[in-house]
Amino acid sequence: MKTRRHTSSGGVIYKAKEDGIQVVLISHYNQKGKLLWCLPKGSVEKGESLQETAIREVREETGVFGRVLEKIGHIQYWFYSKEEETKIFKTVHFYLLEYLRGDEKDHDSEVDEARWVALQEAMGMLPHSSERTIMEKATRYLTAA
């Protein structure tokens with residue numbers, strides 16, 4: 001079986017409101033037709049740094065612009081691409097981004113919905129434990145102040 005590596009980058013973008021911190025999650029339908037919430041992320045393009053990819057992917061998938069504050073961490077997993085008939089080892093780097101401007105309704109067509117949610121609510125919406133771990137790290141950073 002063919003195998004290959006793939007690198008992506010994404011982020012947890014947040015803003016502080018009077019009633020607490022909010023982050024943007026995105027939703028899409030998986031191959032089985034189930035709606036899933038996740039963190040915005042995408043492929044690193046040629047000549048792009050991991051941070052530049054995180055900023056671009058967050059903007060494309062959420063409609064909002066942010067600036068990178070720091071790296072949160074990375075996750076790694078295997079998945080199978082039916083189209084390529086290839087097993088892919090994926091590494092996704094995540095950054096914490098501070099919201100600057102933009103509207104979540106301006107997300108691209110890859111995403112079903114982008115939504116601001118309370119920090120604690122976001123944790124319960126993420127189905128993948130690896131992304132919940134990233135959100136926990138972001139939460140520790142954001143609530144340490």
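The values are calculated or read from the model by the stated rules, or taken from the named source; none is laboratory data. From a predicted model like this one, the values you see are computed outputs, not experimental measurements. Cβ coordinates were reconstructed from backbone atoms using ideal geometry, including for glycine residues, and neighbour counts include every protein chain displayed. Only protein heavy atoms, including side chains, enter the accessible area calculation; ligands, DNA and RNA are left aside. Shrake-Rupley method; radii C 1.70, N 1.55, O 1.52, S 1.80 Å.
Farthest toward the positive end of the dipole of the chain, out of His93, Ala122, Leu36, is the Cα of His93, where the dipole comes from beta carbon charges about the Cα centre.
How large is the helix-only mean residue ellipticity at 222 nm for the chain, computed as the sum of -39500 (n - 2.57) over DSSP H runs with n ≥ 4, divided by its residue count, in deg cm²/dmol to the nearest 500? Could the numbers behind the result be given before it?
Details: 3 runs with 35 residues, N = 145.
Calculated from helices alone, the mean residue ellipticity at 222 nm is -7500 deg cm²/dmol.
Which whole number in µm²/s is D for region 19-145 by Stokes-Einstein, with the Kirkwood Rh taken over Cα pairs at 20 °C and 1.002 mPa s? So the translational diffusion coefficient is about 140 µm²/s.
Carbon and sulfur: what percent of the chain's accessible surface (1.4 Å probe)? Numbers along the way, then the final one.
Details: 3860 of 8260 Å².
That share works out to 47 percent.
Excluding the site residues themselves, the longest part of the chain lacking any trypsin sites (Lys or Arg not before Pro) in a DSSP loop with at most 14 other Cβ atoms within 10 Å is 83-145. With every protein chain left in place, what is the accessible area of Met135 in Å² (1.4 Å probe, nearest 10)? The accessible area comes out at roughly 0 Å².
The slack between His28 and Ala16, meaning 0.36 nm per residue of separation minus the straight C-alpha distance, is 1.8 nm.
Which whole-number percent gives the relative contact order of region 61-145, counting Cα pairs below 8 Å spaced six or more residues apart?
Values: 113 pairs, mean separation 28.6, N = 85.
Taking the mean separation of contacting Cα pairs over the length of region 61-145, I get 34 percent.
Rolling a 1.4 Å probe over the heavy atoms of the protein chains gives region 1-83 an accessible area of 59 Å² per residue. The distance from the alpha carbon centre of region 54-119 to that of region 1-46 is 4 Å, rounded to a whole number. The solvent-accessible area of Val68, taken with every protein chain present and a 1.4 Å probe, is close to 30 Å².
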